[in-house]
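First the structure, in the form of structure tokens, and then the observations on it.
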Amino acid sequence: MLEQGALYVVGTPIGNLGDLSPRAVETLSQADFIAAEDTRVTLRLLNHFGIKKPLLSYFEHNKQEHGPLILSRLKEGQTCALVSDAGMPAISDPGETLVAACAQEGVPVYVVPGPTAAVSALALSGLPTGRFTFEGFLSVNKRHRKAHLEGLRGEERTMIFYEAPHKLRKTLSDLEKLLGKERRIALCRELTKVHEEVWRTTLGEAAAHYRDKEPRGEFVLVVEGAAPAPEPQESLSLEEAVALAQELAGQGLSPSEAAKEAARQSGLRRGEVYAALIRSQEKG
Ligand code: SAM
């Protein structure tokens, strides 16, 4: 049974209809109405599962008017299931604003999790999954795009991008320029569909391949993070280096060996540390 007056964020398949969960079917069947990004797409899904339900469109360009409408129905006690065209609503999809408005107005929101292209691609990429960032779509606005890309120059975590096929070439070329030819990438295409494909390669190879070939289908790009920056050398003052050399000499190293090791760890010159060590030994 669904809770009255609650919003249910329902994940739908990213290709294979077999991925709609039994709980999603139940939620869509029991909700009073369904808020859908594209009512025609959702109608096909509902027909496939034999579900009949009133639909209300909720997408980028009507969310300002339809958001408050949905909110007022929720406050009257109706139950709404929110779906997007594919995958999880609110992940590079309208829905984010509605969930935020519900949270602000104290309207309960529940999730019925389903597939999302980003995490599915990450899992297949063969790249490190321990830490990752979701970058969504790169902007077509030159200034925003440049700022976004510049911010990723030293990013060490695996990065996930969404991209439309007709913009793939430009994105691969921009990423290659920014991160270099050798950086690894997994191009995850048409996931869960008949032509599902994962190509694990480098940015140089991928950019070259698509210079001559028209990209087709839906893509997620998973890009390796930058190699971790080397540990900064600990810089020691001369006094600290001499103290270290004294300690090492106390452990049985000759003054020359102790000075050499202290110089290596401090970044100071060996002769300088040796002379200071000898002076300190003469004094003491
Ligand atoms: N909300 C969706 C989700 O949870 O993944 C994402 C919607 S976003 C508007 C659409 C983008 O997701 C596409 O341009 C593509 O980058 C990616 N995408 C969606 N389905 C995909 C699939 N089956 N295979 C590869 N990428 C997919």
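For the reader, a short list of remarks on this structure follows.
- Residue that is surrounded by the fewest Cβ atoms within 10 Å (Cβ to Cβ), among those in segment 204-242 that are under 23 Å from the mean Cα position of the chain (by Cα), within 20 Å of Leu127 (Cβ to Cβ) and within 16 Å of the ligand (Cβ to nearest atom): Glu218
- Condition met for Val112 (of a type outside the set (S, T, N, Q) and more than 26 Å from Asp19 (Cβ to Cβ)): no
- Selection of segment 190-203 for residues being within 16 Å of the ligand (Cβ to nearest atom) and either within 30 Å of Leu268 (Cα to Cα) or surrounded by fewer than 20 Cβ atoms within 10 Å (Cβ to Cβ) (or both) yields Glu190, Thr192, Lys193, Val194, His195, Glu196, Glu197, Val198, Trp199, Arg200.
- The lone criterion from (1) closer than 13 Å to Gly67 by Cβ; (2) free of Cβ contacts under 8 Å to residues at least 60 places away in the same chain; (3) out of contact with any helix residue (DSSP H, G or I) (no Cβ under 8 Å at 6 or more places or on another chain) left unmet by Gly95 is number (2).
- Segment 1-38 - residue that is of a type in the set (S, T, N, Q) and within 16 Å of the ligand (Cβ to nearest atom) and, of those, surrounded by the most Cβ atoms within 10 Å (Cβ to Cβ): Thr12
- Whichever residue in segment 63-92 is outside any helix (DSSP H, G or I) and away from the ligand (no atom under 16 Å from the Cβ) and, among such residues, is farthest from Met1 (Cα to Cα): Glu76
- Across segment 117-146, the qualifying residues are those that are closer than 20 Å to Lys170 by Cα and surrounded by fewer than 12 Cβ atoms within 10 Å (Cβ to Cβ), and the one among them that is nearest to the ligand (Cβ to nearest atom) is Val140.
- Segment 1-57 holds strands (runs of 3 or more DSSP E) entirely within its bounds, and those carrying 1 or more residues that are more than 28 Å from the chain's Cα centre (by Cα) and within 19 Å of Pro94 (Cα to Cα) map to 33-36, 55-57.
- Between Leu98, Leu122, the distinction of being within 25 Å of the chain's Cα centre (by Cα) and farther than 20 Å from Asp38 by Cα belongs to Leu122 only.
- Residues that are out of contact with any helix residue (DSSP H, G or I) (no Cβ under 6 Å at 6 or more places or on another chain), within 16 Å of the ligand (Cβ to nearest atom) and not polar (S, T, N, Q) occur in segment 98-111; there is at least one.
Coordinate-derived values only; no laboratory data. Quick caveat, the model's predicted, so the values are computed rather than measured. Here Cβ is always computed from backbone atoms with ideal geometry, including for glycine, and neighbour counts include all displayed protein chains.
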